[in-house]
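Every number in this text was worked out from the coordinates using simple rules, so none of it is lab data. Just so you know, these numbers come straight off a predicted model, no measurement behind them. Cβ placement follows ideal geometry from the backbone for every residue including glycine, while neighbour counts extend to all protein chains displayed.
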Amino acid sequence: MKLPKVVSDLITAQANFDSTAYAACFSETAVVFDEGKTYQGRQEIEYWIRNANEQFRTVMTPLSFEEKGTLSILKAAISGTFDGSPIQLNYHFELVEGRIQSLKITG
């Protein structure tokens, strides 16, 4: 599956539980929407993913990727130490100038 470099970098960062590399995939003003909460800017995004990784040890396996201009959807199988694992989630990206500007994670 062909992925934009920044999405591939995000998946690699997640596989390595590297919250700094994960956050570096986002623009300085990026926004993440996950489980009814909003995280703004790289610092909050890094804090969010570090906590999620420590709590759930999430493993992401890409299943499909669809691109429509600056909007993209990655469907992935997610497993970890959370109730209901594994599940499928959709990662709705807005990509701008090689960085993630927004990410909304849905079931």
Subject >> Radius 14 Å from Cβ of Gln43, net charge of other residues (Lys, Arg +1; Asp, Glu -1) >> reply: -1
Original post:
Can you give the percent of C-alpha pairs in the range 5-106 whose distance is more than 16 Å?
Top reply: 54 percent
Original post:
Residues with beta-carbon under 15 Å from that of Phe26, excluding Phe26: net charge, scoring Lys, Arg +1 and Asp, Glu -1?
Top reply: -3
Original post:
Rounded to the nearest 0.05, what FRET efficiency do Ile87 and Gln43 have when you use their Cβ-Cβ distance and R0 = 25 Å?
Top reply: 0.35
Original post:
Between Asn51 and Lys5, what is the spin-label point distance in nm, taking each point 7 Å from the Cα along the Cα→C-beta axis?
Top reply: 3.2 nm
Subject >> Antiparallel DSSP beta bridges within the range 5-106, percent to nearest 5 >> reply: 90 percent
**OP:** Determine the relative contact order of the chain: mean sequence separation of Cα pairs under 8 Å and six or more apart, normalised by residue count, in whole percent.
**Re:** 25 percent
